[in-house]
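Accompanying notes for the structure given below.
The values are calculated or read from the model by the stated rules, or taken from the named source; none is laboratory data. On a predicted model such as this, the values are computed, not experimentally measured, just so you know. Here the Cβ is made from the backbone with ideal geometry for all residues, glycine too, and neighbour counts use every protein chain on show.
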Amino acid sequence: MALIFFCFLLCFLPLMLVNVFDDNDIKYPVFHVLASILAWASSVINPFIYAASNRQYRSAYSKLLRIVKSSVVFSDSKHASNNSKQDKNGSVTYKPSGGSGV
């Protein structure tokens, strides 16, 4: 819990300080942009914190990654079927089989 609070404080404190001390006449717009980006980064950091600190989150993330990995492997093997040709550069051209006969 302390880690979550520390990261929140680290991400939002610069934004609050910039808004308080440089609010009337914005002399340093770069600081406002960087502080805002850091505040948005809090939303990116939180899932990683929860995944690292909570066993249930780790389990759910590992199940999700296994599902995604298996679907990627399945779709790759489907493209390497009889309807595809590989040239000498290694790129694969897929020609779907259709009923038109063309």
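Before moving on, here are some points about what is shown:
- All positions within region 44-54 that are in a helix (DSSP H, G or I), at pLDDT below 90 and out of contact with any Phe, Trp or Tyr (no Cβ under 6 Å at 6 or more places or on another chain): ASN46, PRO47, PHE48, ILE49, ALA52, SER53
- Among residues of region 21-36 that are under 24 Å from PHE8 (Cβ atoms), those with a Cβ under 6 angstrom from a residue that is surrounded by 10 or more Cβ atoms within 10 Å (Cβ to Cβ) and of a type in the set (Asp, Glu), sequence gap 6+ or separate chain, pair up as TYR28/ASP22.
- Residues being under 24 Å from the mean Cα position of the chain (by Cα) and part of a loop (DSSP other than H, G, I, E, B) - total across region 1-28: 1
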